[in-house]
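For reference, the structure is listed below as structure tokens.
Any read-out appearing in this document is the output of simple, stated calculations on the displayed coordinates, not a laboratory observation. All values reported here derive from a predicted model rather than from experimental measurement. Cβ: placed from backbone, ideal geometry, glycine included. Neighbour counts: every protein chain shown.
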Amino acid sequence: MPKFAANLTMMFNEVPFLDRFEAAAKAGFKAVEYLWPYDYPAEELKAKLEKYGLKQVLFNTAAGDVSNGEWGVSAIPNREADSHRDIDLALEYALTLGCENVHVMAAVVPEGEDREVYKQTFIKNVQYAADKFKPHGIKVLLEALSPEVKPNYLLKSQFDTLEIVEAVNRDNVFVQLDYFHAQNVDGNLSRLTDKLNGKFAYIQIASVPDRHEPDEGEINYEYIFNKLDEIGYDGYVGCEYKPRAETILGLGWFEKYK
Ligand SMILES: O=C(O)[C@@H](O)C(=O)CO
Ligand SMILES: [Mg+2]
């Protein structure tokens, strides 16, 4: 049976961020993920995890200057110092929070820029992250984002991500397989799961097309969860979806997995 993590960036938005830990635990979750921890001292977040018996299983490196179109800086040429600073800060948080997975964000590639230069920059910065995280048993995750959500992001298809994972050539770097983006771009999810088996170490879910609870839309998640059991996937499944209404009202699908 998959191990689920509540995504506290998208779920339980009825309450302020710091109250979402309690809400997730009360709803039956044992693990949480969210995009970024950096607005809060790591110790404060750790106290929340401990108080509610939760495990932190994923967060991202910083997004950069979002108001100016950035979405990660680790693939931007000549921004290595910023990338390394973000990776070092992520490591500090991961160690305090006991988090074994960090998503190193790539970057948006502005129109007219050379994607190949971005790719090579990203490979080097991911190697830096992998080597820093390795002694602590922390994995680096790389995620493809569909153009509907993040136009011109460096990684679009799951195979773009796989290409970088292989080029980086470190044993603690994996694909973060978000089935919402994968269905939008690659489709054929069963075969995709087989092809990527062993290369992904984290999964995220949401319905397609509306990114809601995994009980509607064009993906049959019950089938996918069985498939993940069949192939022996033992990582986490992050519930990165926008609830249709109040979060708790949409958790019927989760009852049998608690
Ligand atoms: O799917 C997503 O959007 C996220 O998992 C993320 O990390 C940043 O875009
Ligand atoms: Mg995702």
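Choose one of Pro41, Phe29, Leu97: the residue whose Cα lies farthest towards the positive end of the charge dipole of the stretch 1-147 (beta-carbon charges +1 Lys, Arg; -1 Asp, Glu; about the Cα centre). It is Phe29, whose Cα lies furthest towards the positive end.
The ranking of Glu33, Glu255, Glu148 by Cβ neighbour count inside 10 Å, starting from the fewest, reads Glu255, Glu148, Glu33.
The amide H of Gly235, built 1.01 Å from its N in the peptide plane, has no neighbour under 5 Å, considering only residues 5 or more places off or on other chains.
How high is the relative contact order of the stretch 112-205, in percent, counting Cα pairs under 8 Å that sit 6 or more residues apart?
Computed over the stretch 112-205, the figure is 27 percent.
Which order results if Leu192, Leu145 are arranged by neighbouring Cβ count within 10 Å, fewest first?
Lowest count first: Leu192, Leu145.
For the chain, the residue among Ile231, Val149, Tyr202 whose Cα projects farthest onto the positive side of the dipole built from Cβ charges is Ile231.
Counting only DSSP beta bridges with both residues in the chain, what percent are antiparallel, rounded to the nearest 5? Write down the numbers at each step before the final one.
Numbers: 1 of 26 bridges.
If I count the DSSP bridges inside the chain, around 5 percent turn out antiparallel.
Its alpha carbons considered, the stretch 1-64 gives a radius of gyration followed by a Dmax of 11.1, 36 Å.
The charge dipole of the chain, taken about its Cα centre with unit charges on the Cβ atoms of Lys, Arg (+1), Asp and Glu (-1) only, comes to about 580 debye. Computed extension length for Asp88-Asp210: 40.4 nm, one decimal, from 0.36 nm per residue of separation with the Cα-Cα distance subtracted.
Roughly what % of Cα-Cα distances in the stretch 154-258 sit above 21 Å, to the whole percent? Don't jump to the answer; show the numbers that get you there.
Values: 1907 of 5460 pairs.
So the portion of pairs separated by more than 21 Å is 35 percent.
Remark: the stretch 54-61, residue by residue, has Karplus-estimated 3J(HN,Hα) of 10, 10, 7, 10, 6, 8, 10, 5 Hz, where x stands for each Gly or Pro and the curve is 6.51 cos²θ - 1.76 cosθ + 1.60 at θ = phi - 60°.
Just checking the listed ones, Asn60, Asn125, Asn197: in the Gaussian network model of the chain with Cα springs under 10 Å, the one fluctuating most is Asn197. Of Val102, Val168, Val140, the residue with the greatest mean-square motion in the GNM of the chain, using alpha carbon springs below 10 Å, is Val168. The HN-Hα couplings worked out from phi for the stretch 25-42 by the Karplus form 6.51 cos²θ - 1.76 cosθ + 1.60 (θ = phi - 60°) are 5, 5, 7, x, 7, 10, 9, 9, 9, 7, 5, 9, x, 6, 6, 10, x, 4 Hz, whole numbers, x standing for Gly and Pro.
Relative contact order, whole percent, for the chain stands at 20, derived from Cα pairs under 8 Å and 6 or more residues apart. Each residue of the stretch 90-99 is assigned a 3J(HN,Hα), and the resulting list reads 4, 5, 4, 5, 4, 5, 5, 7, x, 8 Hz, derived from the Karplus form 6.51 cos²θ - 1.76 cosθ + 1.60 (θ = phi - 60°), x at Gly and Pro.
When the helices in the chain are scored as -39500 (n - 2.57) per DSSP H run of 4 or longer and the sum is shared across all residues, what 222 nm value do you end up with, to the nearest 500 deg cm²/dmol?
Values: 8 runs with 90 residues, N = 258.
Counting only the DSSP helices, I get -10500 deg cm²/dmol.
Once the gyration tensor of the Cα atoms in the chain is diagonalised, the equivalent ellipsoid follows with semi-axes of 27, 22, 17 Å, ordered largest first.
Please work out whether the stretch 66-127 counts as rounded, prolate or oblate from its C-alpha gyration tensor, where a ≥ b ≥ c are the square roots of the eigenvalues and a/c under 1.5 means rounded, while otherwise a/b larger than b/c means prolate and anything else oblate?
Numbers: a/c = 2.51, a/b = 1.92, b/c = 1.31.
Since a/c reaches 1.5 and a/b is larger than b/c, the shape of the stretch 66-127 is classed as prolate.
A Gaussian network model of the chain, with springs between Cα atoms under 10 Å, assigns the largest mean-square fluctuation among Gly235, Gly112, Gly198 to Gly112.
Once the Cα gyration tensor of the stretch 1-136 is diagonalised, what are the square roots of 5 times its eigenvalues, in whole Å and ordered largest first, as equivalent ellipsoid semi-axes?
On the way: eigenvalues 175, 53, 32 Å².
Taking √(5λ) for each eigenvalue gives 30, 16, 13 Å, largest first.
For Lys26, the lysines whose Cα comes closer than 29 Å to its Cα, not counting residues fewer than 8 places off in the same chain, are Lys3, Lys46, Lys48, Lys51, Lys55, Lys139, Lys227, Lys242, Lys256, Lys258. Dipole of the stretch 84-199 computed with +1 at Lys/Arg Cβ and -1 at Asp/Glu Cβ about the Cα centre; of Ile123, Gln176, Phe133, farthest Cα towards the positive end is Phe133. Given +1 at the Cβ of Lys and Arg, -1 at the Cβ of Asp and Glu and no other charges, the dipole of the stretch 114-258 around its Cα centre is 540 debye to the nearest 20.
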